[in-house]
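Structure first, then comments.
FYI, it's all coordinate maths here, none of it is from the lab. All values derive from a computational prediction rather than experimental measurement. Glycine also receives a Cβ, built like all others from the backbone with ideal geometry; neighbour counts cover every protein chain displayed.
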Amino acid sequence: MRRLRFGRLRYVVVVSYGRTGSTLLQGVLMSAPHVLIRGEQGGTIAQLQVWYDELCRHQQRLNRGGKETNRQHPFYGIIGFKREEALRRLRMLLLETLLRPASDTRVVGFKEIGWPDDVTPTLLFLRKLLPGVRFVVNTREDTSVANSGFWSRRPDALAQIRRQRENMLAAAQALGGDAQVVHYDDWVHEPEKLRALFEWLDIDFDLDRVAAVMARPHSYDNRSIDHIEKPSDDDRPAPPTAETPADHGRDGGI
């Protein structure tokens, strides 16, 4: 029963870099019913990719007509590495321990900013790992990112940001129809511009629900802690519209 339910899931991965509004985008996507987008996992997906790709590389290098290496060989057993079984078990590990979809979840995924410089191999691995996955690549104007948060303390921030953005756009191009690029500076002021993304993902877009999400601070500016005094109704700001988005930490969050 569990595998049947997981088999009906659709997958989404938000690909971005720090201080681009990706946490807000994660929340906005979850405004749609039955959508669950988990947060970052510290770039550890890339470690799974290295493990899998390295084993496949050695298997291919040493394969001589499917005959296993002998017991004295340093890679004894590599020819029997079961690629599809490894992917299936990694998928179940990801679903059961990290993503943990609810019984009514139809679309599940995560967002990440911790990618290798060359992100394309990791995303191609995820395409094998999560059948039918769709990638949402989120960018932001370089100077705005460089002036935000931890980037503002790095002398070479602009060059790093430009390199990350270009690498992610190259990866999106390599993924073809499985990737869609959005730009924070476009959608944060006009959320209606995300409608096409929601349609591409085949999830329900409701501007009121999106506005309600955008009314709450996200990322490290999130102040939704139980012990913090809640503002009164008189003090509470009005929900944003397409013309008046919430101030997400004044610099777009993460």
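Taking only the alpha-carbon positions of segment 47-95 and ignoring solvent, what does the Debye formula give for the base-10 log of I(q)/I(0) at q = 0.33 Å⁻¹?
Summing over Cα pairs of segment 47-95 leads to -1.24.
If you put +1 on each Lys and Arg Cβ and -1 on each Asp and Glu Cβ, how big is the dipole of segment 1-114 around its Cα centre, in Debye rounded to 20?
Computed charge dipole of segment 1-114: roughly 380 debye.
With a cut-off of at most 12 other beta carbons within 10 Å, and DSSP calling the residue loop, which trypsin sites (Lys or Arg not before Pro) in segment 67-122 qualify? Please list them.
For trypsin sites (Lys or Arg not before Pro) across segment 67-122 that sit outside H, G, I, E and B with at most 12 neighbouring Cβ atoms in 10 Å, the list reads Arg71, Lys82.
Net charge around Val13, counting only other residues with Cβ within less than 12 Å of its Cβ (Lys, Arg = +1; Asp, Glu = -1)?
Net charge in that neighbourhood comes out at +2.
With the Cα gyration tensor of segment 4-122 in hand, convert its eigenvalues to equivalent ellipsoid semi-axes via √(5λ) and list them largest first in whole Å.
35, 18, 9
What is the set of long-range amide H partners of Val137 at a cut-off below 5 Å, with H atoms built 1.01 Å from backbone N?
The answer is Val15, Gln180, Val181, Val182.
Rank the residues Thr23, Thr120 as a footprinting-exposure proxy: fewest other Cβ atoms within 10 Å of their Cβ go first.
Thr120, Thr23
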